Amino acid sequence: MGGRDATMVLLDENGIRCDGRKVDEPRRIMIRAGGLKNADGSAYIEFGDNKILVGVFGPRDVHPKHMSDTDTGILRVRYHMEPFSVGERKNPAPSRREIEISKVIKEALEPAVMLDKFPRTAVDVFIEVLQADGGTRCAALTAASVALADAGIPMRDMVAAIAAGKVADTVILDVNNEEDQAGQADMPIGYMPSLKKITLLQLDGVLTPEEYKKCVDVGVKGCELVYELQKKALHDKYFGKGDE
Amino acid sequence: MDNKRKYVIPGDVVTTGPFRPEQNVILEGDKIISTTIGISEIYDDSVKVIPLTGKYIPKINDLVIGKVISHTSLSWELDINSCYVGFLPAQDVFGRDFSAHADELASKLKSGDLVAARIANFDRTRDPLVTISDRDLGKIDSGDLVKISPSKVPRLIGKRGSMIQMIEMATNAAVTIGQNGWVVVSCETPEGLLKAKKAIEMINEKAHVANLTDQVKEMLEIKDDES
């Protein structure tokens with residue numbers, strides 16, 4: 001996809017990556033809570049060149065009825081990429097990859113949300129990827145957690161997410177599209193910063209045990225940076241800028 | 001008291017120590033963690049968070065405003081702005097000698113009607129049971145419906161009803177507040193109605209502002225001079 005350069009240098013001798021970042025530097029991240037009037041909660045995130053919009057509905061009636069659970073509320077997540085989100089038109093029908101990511105994000109949010117308070121209801125999370133540039137699942141998870149908080153769904157903690165990875169035998173933070181395609185490993189991490197618990201951890205690639213540990217450490221530190229921005233987004237919406 | 005108030009979001013540690021967790025907080029080890037966006041309040045022995053967002057969760061004895069969605073031959077279903085529908089049995093309206101053959105439910109309440117109701121019973125297993133057989137309850141014939149966020153209802157009422165009394169005094173309007181965030185305003189003069197609605201909407205938007213009572217008062221008075 002795109003005009004990927006076969007001879008591109010992923011990491012130069014000064015430790016600068018293909019897009020000019022240092023090894024432990026995330027891309028520019030902007031999160032905004034709210035914005036969609038008709039959804040109960042919403043969030044918009046720009047994570048480098050990723051642009052993702054999330055809407056949350058609920059708790060509300062479950063349709064179809066047989067999906068409802070008398071003991072607890074259920075969480076449903078739809079991750080969807082717009083046809084124009086990637087270089088070549090993507091078929092809007094849910095692909096195998098999107099179904100997997102929906103499931104992965106749902107399972108990463110489940111430890112945080114407390115739906116046992118709302119039996120027989122559902123909380124729906126709709127994630128629309130407007131523009132993709134590697135690491136959409138982390139950006140989507142980050143935004144989904146802000147949108148859930150905006151909707152007033154009780155949560156034990158926010159979930160912040162970022163990817164760690166390996167390119168040119170070096171552990172890096174926040175893998176972009178080029179590094180994902182040509183790099184050696186990609187490890188998305190979802191993390192609850194206050195509870196210090198990991199809710200999502202995937203790994204595509206080969207790492208030694210030492211590199212693996214380093215990746216987790218780097219990723220968790222990155223998540224803490226993302227968490228600060230999530231906090232800021234919610235504070236800006238609910239408590240005004242510079243209030244208090 | 002005021003110096004202990006804090007703006008919190010989910011996951012924020014409100015305080016640590018031997019406190020009793022109340023609304024919207026959980027105990028995790030010795031930390032008390034907020035589960036929602038809101039304002040935390042620490043009392044002598046307990047901690048709670050007043051939410052700024054979220055849906056209405058029915059509580060027994062709450063006064064709510066409901067809209068009739070539909071009826072069967074035995075009961076009505078009310079939209080109470082919650083994740084559950086309110087269940088209003090026909091006996092409640094027709095009395096004990098209600099007969100499904102003889103009495104027509106649509107003759108008393110049609111779909112779209114507004115009713116003031118009280119939550120009679122609610123638990124995890126069933127939809128909330130509501131009643132309208134009490135003083136001040138029943139069908140609402142006149143007035144305008146204003147929808148605000150249910151989490152801002154306490155702000156609209158104010159301390160011991162101070163905010164709502166002020167609005168009623170200044171505009172001569174009668175305001176019925178449902179705990180579910182639906183408010184019915186009725187007033188004899190259209191100016192009073194408009195002003196009362198505007199004041200309610202203002203509270204809905206600026207619920208987190210500290211000296212809101214003064215601001216609303218100011219707004220109500222300024223309008224007086226103009227008209």
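The single condition from (1) without any contact (Cβ under 8 Å) to a residue 40 or more places away in the chain; (2) surrounded by 19 or more Cβ atoms within 10 Å (Cβ to Cβ); (3) within 19 Å of B:Lys206 (Cβ to Cβ) that B:Met163 fails is (1). Beta carbons closer than 7 Å, at least 6 apart along the sequence or on distinct chains, pair a first residue in the stretch B:79-95 that is in the same structural domain as B:Arg126 (by TED's automatic domain parsing) and within 13 Å of B:Pro128 (Cβ to Cβ) with a second that is buried (at least 21 other Cβ atoms within 10 Å of the Cβ) and among the basic types (Lys, Arg) for B:Ser82/B:Lys55; B:Cys83/B:Lys55. So, A:Leu229, is that one modelled with pLDDT of 95 or more, more than 14 Å from chain B (Cβ to nearest Cβ) and not in a strand (DSSP E or B) or not? Here the answer is no, as A:Leu229 does not meet what is asked.
The criterion of being closer than 24 Å to B:Arg5 by Cα, aliphatic (A, V, I, L, M) and in a helix (DSSP H, G or I) holds for B:Val216.
Among the residues making up the stretch B:15-61, those that are over 26 Å from B:Ile203 (Cα atoms) and part of a strand (DSSP E or B) are B:Thr15, B:Thr16, B:Arg20, B:Pro21, B:Ile26, B:Leu27, B:Glu28, B:Lys31, B:Ile32, B:Ile33, B:Ser46. Checked against the criterion of being surrounded by 18 or more Cβ atoms within 10 Å (Cβ to Cβ), facing chain A (nearest Cβ under 9 Å) and aliphatic (A, V, I, L, M), the candidates B:Ile65, B:Ile26, B:Ile80, B:Ile9 yield just one match: B:Ile9.
Within the stretch A:204-244, the residues that satisfy the criterion of being among the small types (Gly, Ala, Ser) and either surrounded by 17 or more Cβ atoms within 10 Å (Cβ to Cβ) or touching a Ser or Thr at 6+ places or on another chain (Cβ under 6 Å) (or both) are A:Gly219, A:Gly222, A:Ala233. If only residues of the stretch B:36-62 that are more than 15 Å from B:Tyr84 (Cα to Cα), crowded, with 18+ Cβ neighbours inside 10 Å and among the small types (Gly, Ala, Ser) are counted, the one that is farthest from the other protein chains (Cβ to nearest Cβ) is B:Ser40. Does the stretch A:179-194 include one or more residues that are assigned to a helix (DSSP H, G or I), among the small types (Gly, Ala, Ser), surrounded by fewer than 19 Cβ atoms within 10 Å (Cβ to Cβ) and more than 12 Å from every other protein chain (Cβ to nearest Cβ)? Yes, the stretch A:179-194 contains a residue that is assigned to a helix (DSSP H, G or I), among the small types (Gly, Ala, Ser), surrounded by fewer than 19 Cβ atoms within 10 Å (Cβ to Cβ) and more than 12 Å from every other protein chain (Cβ to nearest Cβ).
Which residues, counting only those in the stretch B:88-117, are in a strand (DSSP E or B) and either surrounded by fewer than 18 Cβ atoms within 10 Å (Cβ to Cβ) or at positive phi (or both)? Listed by number, the list holds a single entry, B:Pro89.
The values are calculated or read from the model by the stated rules, or taken from the named source; none is laboratory data. Please read all numbers here as calculations on a predicted model, not as lab measurements. FYI the Cβ positions are ideal-geometry reconstructions off the backbone, even for glycines, and counts take in every protein chain you see.
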